[in-house]
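Heads up, the thing below is written out as structure tokens.
The values are calculated or read from the model by the stated rules, or taken from the named source; none is laboratory data. Because the structure is a prediction, the values reported are computed rather than measured. Please note: Cβ atoms are built from the backbone with ideal geometry, for glycine as well, and neighbour counts cover all protein chains shown.
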Amino acid sequence: MEEQIKNIQTESISKISQCKDEKELNDLKVKYLGKKGELTSVLRGMGKLSPEERPHIGSLVNQVRDELENLISEKEKEFTRKELEEKLKKENIDVTEPSKKTSLGSLHPITQIINEVEDIFLGMGYKIADGPEVEKAIYNFDKLNTPPDHPARDLQDTFYVTDDIVLRSQTSPVQARVMEEQKPPIKIICPGAVYRSDSIDATHSPVFHQVEGLVVDKNIAMSDLKGTLEMFAKKCLGENTKIRFRPHHFPFTEPSAEADVSCFVCGGKGCKVCKGEGWIELLGCGMVHPKVLQNCGIDPEIYSGFAFGFGVERIAMAKFGIDDMRLLFENDVRFLKQF
Ligand SMILES: [Zn+2]
């Protein structure tokens, strides 16, 4: 029996050592160590041995089994390693190959202008105020001295969500909300999107952006408004920019004006951007109407204020030389990455 075991040992070691793949190894494992394997059947035959022989043969079988198990596990490891190596070879990564570049975007021209305007006014001590774009009609109109029969409340101009809720048609409701919540002095700008039921063309869009400003304090006069806007125009459009006021009417300011700036392309001589005028219409402004102050809980006998507002698209178009407003909303990257 001892000889039989030695034969199994020699044969199995040689076969396992030479085996080529995992399947063959598995077969050999079954052949020698499995339940019906050669070594197991030797153990089964031990009943025929004398009690003196049993311990010797038993330990010999165990020794051979340990040896084979070790050898098999070594072989398994070898195969796993080989498999991994082959896989790595197949999936070889060429680290010298140029990478796919993710192109970095840039800020939208509208955002650039808003950021720039915010910087200018923050530098003059203003705070930035924010408010809802879906707004109560009372803030969008009533408090701003725009009574129910006013033409601006017409369905043709304003998007109504319900009878008393609208998409804000201006950022002025933010001013009303701030005046209600804070005591003067107030010095804010409110940038944001506004909505009007305009059809889309080169100069109109149902959604556009405004920046409005509001100052309320004691002894605020028209000269403060003029000084502020002149400073803003110079910082935003260039040191040589001049500003002029034309009388106008707005329900929420009295007196009201529209302000033009000298064309920053031709300097006032007349060109394509200013349509030969030398001036570009920039914004609407005026002294806050006493009724508006009153509506928002501020005593017009003690306080006065000025307000102004302008379209961001208009400034972006003039500054970047864009002749069609639709380009600002189409979000074509080829267009946007020029700025
Ligand atoms: Zn010009």
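Among residues of the stretch 249-267 being within 16 Å of the ligand (Cβ to nearest atom) and aliphatic (A, V, I, L, M), the one that is farthest from residue 142 (Cα to Cα) is 265. Give the residues of the stretch 207-253 that are hydrophobic (A, V, I, L, M, F, W, C) and not in a strand (DSSP E or B), sorted by residue number. Those that are hydrophobic (A, V, I, L, M, F, W, C) and not in a strand (DSSP E or B): 220, 221, 222, 225, 229, 231, 232, 233, 236, 237, 252.
Please note which helices (runs of 4 or more DSSP H) are completely contained in the stretch 1-72 and include at least 3 residues that are over 27 Å from residue 84 (Cβ atoms).
Where helices (runs of 4 or more DSSP H) fall fully within the stretch 1-72 and carry at least 3 residues being over 27 Å from residue 84 (Cβ atoms), they are 2-18, 38-44.
Between 107, 88, the distinction of being modelled with pLDDT of 85 or more and part of a loop (DSSP other than H, G, I, E, B) belongs to 107 only. With respect to the conditions (1) under 26 Å from residue 118 (Cα atoms); (2) more than 13 Å from the ligand (Cβ to nearest atom), residue 297 lacks only one, and its number is (1). Candidates are the residues of the stretch 238-248 that are over 30 Å from residue 295 (Cβ atoms) and in contact (Cβ under 8 Å) with a residue 24 or more places away in the chain; the one that is farthest from the ligand (Cβ to nearest atom) is 244. Looking at the stretch 209-230, is at least one residue of a type outside the set (Val, Ile, Thr), buried (at least 20 other Cβ atoms within 10 Å of the Cβ) and under 23 Å from residue 323 (Cα atoms)? Yes, some residue in the stretch 209-230 is of a type outside the set (Val, Ile, Thr), buried (at least 20 other Cβ atoms within 10 Å of the Cβ) and under 23 Å from residue 323 (Cα atoms). Residues in the stretch 274-292 that are over 35 Å from the mean Cα position of the chain (by Cα) and assigned to a strand (DSSP E or B) were compared, and the one that is farthest from the ligand (Cβ to nearest atom) is 288.
Based on this model, can you work out whether residue 270 counts as of a type outside the set (A, V, I, L, M), within 13 Å of the ligand (Cβ to nearest atom) and under 24 Å from residue 231 (Cβ atoms)? For residue 270, the condition - of a type outside the set (A, V, I, L, M), within 13 Å of the ligand (Cβ to nearest atom) and under 24 Å from residue 231 (Cβ atoms) - is not met.
Filtering the stretch 10-22 for residues that are farther than 17 Å from residue 63 by Cβ, surrounded by 14 or more Cβ atoms within 10 Å (Cβ to Cβ) and within 60 Å of the chain's Cα centre (by Cα) leaves a non-empty set. In this entry, residue 256 passes the filter for residues that are over 35 Å from the mean Cα position of the chain (by Cα), in the same structural domain as residue 142 (by TED's automatic domain parsing), part of a strand (DSSP E or B) and among the hydroxyl-bearing types (Ser, Thr, Tyr). Filtering 305, 270 for residues that are at pLDDT below 90, farther than 27 Å from residue 199 by Cα and surrounded by 14 or more Cβ atoms within 10 Å (Cβ to Cβ) leaves a single hit, 270.
Among the residues of the stretch 175-204, those identified as part of a loop (DSSP other than H, G, I, E, B) and in contact with a strand residue (DSSP E or B) (Cβ under 6 Å, 6 or more places away or on another chain) are 184, 185.
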